[in-house]
Amino acid sequence: MYIFYYQFMKIFLSLFIVFLITSSACYAKSAFSISFGPVNIGNSRIPLNLSDFIISVSKNNKNLKAIFVKDSVQWIRTEDNLLIPRARLGLIFSEITKNFHIRHHEETIIPQLRKNQYYTEVFVNLFNPSSIEIKNDQEVYSIVSVTAAPVLKGKKSHLIDYSCSRNQIKIAGLDDQYISLGCRMERRGKYGKERPRLSVTWTTSNYSLKDGTPPPYTSFFNTNHPVNLKLVDKNGNERDVTISARVPKRLHRLKIAYGVGPYTFSSSFEDDKVDNIAPAVMLYGKYDFSNSISARFFDALVHNGSTFNNSGAYFAYHLADAMDGRFSFIPLLGIQGLYFKHQNAPKADNNLIYPQGFEMVFRHAFGIENYLVVYGMFFSTDKSQDYTNTWVRWGKNYFWELNYINWGQGDYKTQMFGLSIGFLLGQFF
């Protein structure tokens, strides 16, 4: 029976890895294109069509043609944690002199000669497109600008990043405009009594502040009170805009959860083997030192005639992120205590062990905000004893966990496998 459970666990974990690879491939297909420069590629959750963005050339200059490069939309994440779409705009010149050049985003670009025409491409931020100046020496020869057509009713146009998923962000007043919005939670106040400050950065396509200051804009939310402002487009049309967010009263560093469930439980001492169905109780703890470094601890107790108790404390840190931060690899370095008492053995085995491990975390899985899928494993570093502890955990407000543990030393051996359900017990400090 345990061979069946072990094989089932291997199949389940294989399917989980295939799921991650498939998700990565789909992500790459939707978000990746070749890019050079210090940018992070991001993932979009709203569709964009370049035909919805209008290119204008001043002075109706017939010697200049501006067109978007097909399939060139690329989402990038800025240092302000803001996802923005950019596209390559091709500029074609005829009857041009060698003194022409292009000014865009404080760059001076010299076009390339192709047969009888000059050609170059520039990246344009579709949600905040600045004008492109074509100059002949000091004279402005032409200006190329991009505007977004009004978004049709019912079409999704507001990208609220996953980083805002716990803050219930709402935007009113720009329903027919493209918007991208990102969040970053900050801690303020005395250590152990910290309160949150939510930094919200956002940009929109056709509107700016009344004094002409272009986006992106940043607002800080210390409470749940909204931010109100006026924006104006190039024609002087004003909009009243409101942004609201939910901010927790406290930011706790310590979180404790518990889990319960039935496990198959095999315990062996010498030739005496007992197979049972046993209740299992789990305790989980996590203390955050920072956004990337934490201390973890756990305790697992299984009892029915025989008793097995496994506890551990670990240092965890984010070693690597992928898929725009949705996937993380987290090493776990620490120590465990192990207690095993076979119901017919004269004494218990009670010692310290030093298995090391890791977790792979996939956030917002299956397109569900804050839905986590976690695969983790501890493996023995001591050849004198066998130890494997592997788990798959998934959920949102509560979680499910499949867990397989195998341990053996000398005449003592135990195996267990089961499904438990877990809940948050409390938050402290």
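The values are calculated or read from the model by the stated rules, or taken from the named source; none is laboratory data. The structure presented is a predicted model; accordingly, all values stated were derived computationally and were not measured. Cβ: placed from backbone, ideal geometry, glycine included. Neighbour counts: every protein chain shown. Just so you know, the surface numbers come from the protein's heavy atoms only, side chains and all, with ligands and any DNA or RNA stripped out. Shrake-Rupley method; radii C 1.70, N 1.55, O 1.52, S 1.80 Å.
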TODO: Step through the residues of segment 331-338 one at a time and calculate ³J(HN,Hα) from phi using the Karplus curve (6.51 cos²θ - 1.76 cosθ + 1.60, θ = phi - 60°), rounding each to whole Hz and writing x for Gly and Pro.
DONE: x, 10, 10, x, 9, 10, x, 9
Open item on the list: Please report the spacing between the Cα centers of segment 355-429 and segment 310-334 in Å, no decimals.
Closed with: 13
TODO: Pop the C-beta distance of VAL69 and ASN222 into the FRET formula with R0 = 41 Å and round what comes out to the nearest 0.05.
DONE: 0.40
Open item on the list: Taking the Cα centre as origin and putting +1 on Lys and Arg beta-carbons and -1 on Asp and Glu beta-carbons, what dipole magnitude results for the chain, to the nearest 20 debye?
Closed with: 1060
TODO: Skip the ligands, DNA and RNA, and give the accessible area per residue of the chain with a 1.4 Å probe, whole Å².
DONE: 53
- [ ] Return a whole-number percent for the relative contact order of the chain, with Cα pairs under 8 Å and 6 or more residues apart as the contact set.
- [x] 10
Open item on the list: If you average 1/r across every pair of different Cα atoms in segment 281-366 and take the reciprocal, what Kirkwood value do you get, in Å?
Closed with: 14.8
TODO: Provide the FRET efficiency to the nearest 0.05 for the LYS273-ALA322 pair, computing r from the beta carbons and using R0 = 51 Å.
DONE: 0.70
Open item on the list: In Å, what Kirkwood hydrodynamic radius results for the chain from the alpha-carbon pair distances?
Closed with: 25.8
- [ ] Between TYR119 and PHE366, with labels modelled 7 Å along Cα→Cβ, what's the label distance in nm to one decimal, could you check?
- [x] 4.8
Open item on the list: At 0.36 nm per residue, and after removing the present C-alpha to C-alpha distance, how many nm does the segment from SER94 to LEU419 gain when stretched out fully?
Closed with: 110.0 nm
Task: In sequence order, calculated HN-Hα J values of segment 121-126 (Karplus, 6.51, -1.76, 1.60; Hz; x Gly/Pro) - done: 10, 10, 7, 10, 6, 5
TODO: Run the accessible area of the chain with a 1.4 Å probe and give the carbon-and-sulfur part as a rounded percent.
DONE: 55
Open item on the list: With angles folded into 0 to 90 degrees, how steeply does helix 2-31 sit against the dominant principal axis of the chain? Use alpha carbons for both and round to 10.
Closed with: 10
TODO: Would you mind checking which residues have amide H under 5 Å from GLN177's amide H? H placed 1.01 Å from N; only 5 or more apart, or other chain.
DONE: VAL151
Task: Listed peptides 124-135, 328-339 by packing density, highest first (mean Cβ within 10 Å) - done: 124-135, 328-339
- [ ] Specify whether the C-alpha gyration tensor of segment 123-192 places it in the rounded, prolate or oblate class, a ≥ b ≥ c being the square roots of the eigenvalues: rounded for a/c under 1.5, otherwise prolate if a/b is larger than b/c and oblate if not.
- [x] oblate
Open item on the list: Need the full-extension length gain, LYS190 to VAL281, defined as separation in residues times 0.36 nm minus the C-alpha distance. One decimal, nm.
Closed with: 29.3 nm
TODO: Hey, for a label at TYR354 modelled as a point 7 Å past Cα toward Cβ, could you say which residues of segment 317-337 have their backbone N under 14 Å away?
DONE: 333-337
- [ ] Per residue of segment 394-399, in order, report the coupling 6.51 cos²θ - 1.76 cosθ + 1.60 (Karplus, θ = phi - 60°) as ³J(HN,Hα) in whole Hz, putting x for Gly and Pro.
- [x] 8, x, 10, 6, 10, 9
